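The values are calculated or read from the model by the stated rules, or taken from the named source; none is laboratory data. Model, not experiment: these values are computed from the prediction. Counting neighbours? That spans all protein chains shown, and the Cβs are built from the backbone with ideal geometry, glycine included.
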Amino acid sequence: MGKRKSQRKNIAMLDSDDDNSSVSSSSTARSDLLSVSGTDEVQVDRDSLLEQALDALYEKRGSTREKALAAIIEAFNTNLQHQFVEKKFATLLHQCLNSIKKGSSKEIALACHAIGLLALTVGYGDNAHEILEESVTSISQALKSRSDSLKMVSLLECLAVVTFVGATETDETERSMQIMWQLLHPKLGSNVVAVKLPAVVITAVVSAWAFLLTNMDGCCLNSKDWQESISYFSTLLDKDDRSVRISAGEALALIFEIGSIEKFAAENKKTPDGSVPEGNKSHEGYTHIHILGLKSKILNQVRTLSAEAGGKGSAKKDLNSQRNLFKDVLEFLEDGYAPDISMKIGGDLLQTSTWSELIQLNFLKHFLGGGFVKHMQDNEFLHDVFGFTPKRKHLLGVEHQMSSGEKRMFRSPNSVFNKARTQFLNKQRMLSKDRNVGHFAVGMGDEEM
């Protein structure tokens with residue numbers, strides 16, 4: 001029904017620019033380690049270097065701690081440091097949290113990245129949950145200062161990653177999403193002043209919020225929150241900054257994929273016992289009209305952004321990214337087809353076919369930067385999230401992996417639960433996409449008649 005499913009290889013948002021992250025190069029990181037440790041030896045055991053970098057996090061000089069954090073990040077990007085994490089997990093976490101509390105913006109950004117890498121390395125389980133519970137208060141407090149864009153973006157990305165990996169209950173994910181939402185809509189009081197956020201921070205908030213939404217069951221969230229978020233994201237589509245528009249477009253596509261706009265429309269028609277209230281017909285009619293109008297407005301906005309001609313001084317790359325994204329969103333809203341994305345990881349093919357998977361892939365690729373390929377090849381947590389099994393891993397077999405000398409992290413019952421939940425939610429997104437083929441086009445058409 002309608003268009004064929006679009007297939008694009010290596011979507012624009014998965015381009016090589018994400019690799020140019022704040023993480024230093026391998027050679028720079030190694031030299032940082034050597035300067036931190038004060039040794040002239042070139043061939044130094046990797047674990048010894050990490051130990052020296054961890055020791056350097058106790059130093060008073062901020063620049064020394066920054067070099068140590070950069071070296072730790074590079075080590076975690078280059079190899080999955082399971083043995084080091086097993087021995088020094090708690091020490092590394094708490095030293096990074098100390099850096100968040102007292103460090104410069106640069107040190108905070110590096111510490112946030114290191115904590116996120118620690119969580120991704122640990123994977124599902126009790127240690128990941130501990131990272132979340134130990135980090136959330138420090139991150140929340142640090143976000144309240146709103147002093148620096150680099151700092152805020154790093155804190156948001158860290159909160160998103162540690163929650164995605166470590167949350168074992170829906171309430172824990174909602175807590176982090178609420179922290180993010182309060183940045184956009186602070187509860188104003190006598191000692192709270194509304195502060196206009198830079199576009200880069202708004203983009204980071206929306207992207208992090210949507211990333212966590214991919215790990216949520218839409219039925220768990222109430223209709224008031226949905227209506228507020230959809231209305232707000234619609235206003236962002238009219239902003240001048242293209243990165244803001246793109247992040248809002250992705251979030252809206254995900255919400256429609258989950259089917260939540262239909263969900264809260266139905267909820268507003270019913271009482272808690274499931275019946276339609278006799279004395280509330282006018283409110284019901286108003287709510288229904290508002291929702292239909294909002295859907296129609298979003299469709300028109302998406303259609304316009306998918307064909308924007310651009311303006312004087314517009315960055316062509318950003319314009320093309322916007323057009324490509326909103327063409328995909330438009331096709332999804334009209335025909336129910338999410339973009340099929342394929343990308344090579346080494347010699348293996350990673351594919352996504354839902355907005356949920358695409359948002360997860362975009363976010364984690366951006367966060368991991370130069371370490372993305374290594375983690376996708378060797379990180380079992382990411383294999384579970386994307387249902388991705390490299391041929392090399394499959395051929396080696398479990399027995400060979402265990403005999404290679406690399407210890408496996410202990411997996412608690414929570415790890416089994418979280419893995420199953422992630423796989424279930426991604427499957428539900430797929431089923432929802434199949435059910436919605438043509439659904440939005442019919443609904444939109446009816447309301448415009």
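The rows are residues; the columns are (1) closer than 25 Å to Thr304 by Cβ; (2) at pLDDT 90 or above; (3) in contact with a Cys (Cβ under 7 Å, 6 or more places away or on another chain).
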residue	(1), (2), (3)
Glu174	no, yes, no
Leu188	no, no, no
Phe211	no, yes, no
Lys224	no, no, no
Phe233	yes, yes, no
Asp238	yes, yes, no
Of the residues Val122, Val136, only one is over 28 Å from Arg61 (Cα atoms) and among the β-branched types (Val, Ile, Thr); which?
Val122
So which of Gly259, Gly249 ends up being at pLDDT 60 or above and on the phi > 0 side of the Ramachandran plot?
Gly259
Return the only residue of Val201, Val165, Val161, Val153 being crowded, with 20+ Cβ neighbours inside 10 Å, within 27 Å of Lys295 (Cα to Cα), modelled with pLDDT of 90 or more and within 18 Å of the chain's Cα centre (by Cα).
Val201
Test: Thr137 is hydroxyl-bearing (Ser, Thr, Tyr), surrounded by fewer than 24 Cβ atoms within 10 Å (Cβ to Cβ), in contact (Cβ under 8 Å) with a residue 12 or more places away in the chain and part of a helix (DSSP H, G or I):
no
Considering each of Glu66, Glu133 in turn, give the residue that is at pLDDT 95 or above and more than 23 Å from His366 (Cβ to Cβ).
Glu133
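If you go through the range 71-80, how many residues are of a type outside the set (D, E, K, R), buried (at least 21 other Cβ atoms within 10 Å of the Cβ) and in contact with a Ser or Thr (Cβ under 9 Å, 6 or more places away or on another chain)? Lay out the reasoning, then the answer.
Residues of the range 71-80 of a type outside the set (D, E, K, R): 71-73, 75-80.
Now drop any that are not buried (at least 21 other Cβ atoms within 10 Å of the Cβ), which leaves 71-73, 75-77, 80.
Restricting the remaining residues to those that are in contact with a Ser or Thr (Cβ under 9 Å, 6 or more places away or on another chain) gives 71, 73, 76-77, 80.
Of the residues in that region, 5 qualify.
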Can you find, within the range 87-113, the residue that is surrounded by the fewest Cβ atoms within 10 Å (Cβ to Cβ) among those that are free of Cβ contacts under 8 Å to residues at least 40 places away in the same chain and of a type in the set (D, E, K, R)?
Lys102
In the range 48-78, the residues that are over 13 Å from Gly371 (Cα atoms), in a helix (DSSP H, G or I) and charged (D, E, K, R)
Glu51, Asp55, Arg65, Glu66, Lys67
